[in-house]
């Protein structure tokens, strides 16, 4: 066989994904390590990092979650406070109700976690890690920052459940601008309001 | 057989529940009528009303939802605006996370609706009717009132999904007073804030 990256790249990437899927399912997100996945796939850990950058991104790739969707889990909370509520509501609606490539893997993951305890365990560990990581900076000023981000996410997931999973007409038929107008101040409040 | 109410009451009530369960499942909540359920059960419609008062309460009884839980779907939004957010957050947490007799049927109904389209159709019609009915008074001043109540409910259901169904630790471990402190202003905002 010839040396060089090209011939084996997609096969290697797929072998890593397959190993990661099995490992996340058996050990959960928190206990799974890049090193272990690399060993399962028979590759060097640095190659896993080269393909996927982090354990979060490896998990997202296993779940077919797009990079934009992944960002919505936490980094959307970064940035200046002004219009934070509006920005967060728009970002969530965009990934959860946008193009099917972004929204369908998320819906599948949410449905799966609600139906199946093993899938729920993976997802809860992933979200927890993502929340803790996303709130690394700025949390000194606001000790509730991680909880606040988790609550804002929950409230927006509730909107997705009402609109897309249960499909209550009055929620499903509301247009995005109305949702932003009514929800942005509430999300702003849960993220930033001091008692 | 002797005349009198007692001997047949529980059998009659059960026959109505069985007929209603079948009818709600086949026709959905909106298209099902008390008259039709009564015909299916071979009783007079007035007897159905005597046992269950309304179609909403009949549906709740079929789903094993307690009267207190049923009230949380909408009537909690009635009353003076001051402390409305706090009252609503407490009421939701009380029924969704309170004694198992109240919370388990709700969780089962929510899980069922997320897993199964027929169950989702029933639930969405029920919630829609409940929202429209609950917002009958006072909505002249606030044309978004029904949507606002639906959004507040969604946001609180999202909290239940995060805490109980997915079980993200940072959400599941938060105590009720912290949740009330952080979420009450947000729920107050979505229910009452004028643009």
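What follows draws every value from the coordinates through simple rules; no lab data is involved. Just so you know, these numbers come straight off a predicted model, no measurement behind them. Here Cβ is always computed from backbone atoms with ideal geometry, including for glycine, and neighbour counts include all displayed protein chains.
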So residue B:86, is it surrounded by 15 or more Cβ atoms within 10 Å (Cβ to Cβ), within 14 Å of another protein chain (Cβ to nearest Cβ) and either farther than 16 Å from residue B:15 by Cα or touching a helix residue (DSSP H, G or I) at 6+ places or on another chain (Cβ under 8 Å) (or both): yes
Listed by first then second residue, the pairs whose first member lies in the stretch A:99-111 and is in contact (Cβ under 8 Å) with a residue 12 or more places away in the chain, whose partner is not in a helix (DSSP H, G or I), with beta carbons under 6 Å and at least 6 positions apart or on separate chains, are A:102/A:66; A:105/A:63; A:105/A:64; A:105/A:65; A:109/A:63
By residue number, the members of the stretch B:8-35 that are free of Cβ contacts under 8 Å to residues at least 40 places away in the same chain, within 14 Å of residue B:62 (Cβ to Cβ) and within 22 Å of the chain's Cα centre (by Cα) are B:13, B:14, B:18, B:19, B:22, B:23, B:26, B:27, B:32, B:34
Considering residues that are surrounded by 14 or more Cβ atoms within 10 Å (Cβ to Cβ) and under 12 Å from residue A:15 (Cα atoms), the number found within the stretch A:30-57 is 9
Of the residues in the stretch B:89-98 that are touching a residue at least 40 places away in the same chain (Cβ under 8 Å) and under 14 Å from residue B:164 (Cβ atoms), the one that is surrounded by the most Cβ atoms within 10 Å (Cβ to Cβ) is B:92
Within the stretch B:99-135, the residues that are away from chain A (no Cβ under 13 Å) and loosely packed, with under 15 Cβ neighbours inside 10 Å are B:99, B:100, B:101, B:104
Among helices (runs of 4 or more DSSP H) entirely within the stretch B:41-134, at least 2 residues that are more than 11 Å from the chain's Cα centre (by Cα) occur in B:45-52, B:55-62, B:84-97, B:100-115, B:117-134
Over the stretch A:162-186, the set of residues within 7 Å of another protein chain (Cβ to nearest Cβ) and touching a residue at least 12 places away in the same chain (Cβ under 8 Å) is A:165, A:171, A:183, A:185, A:186
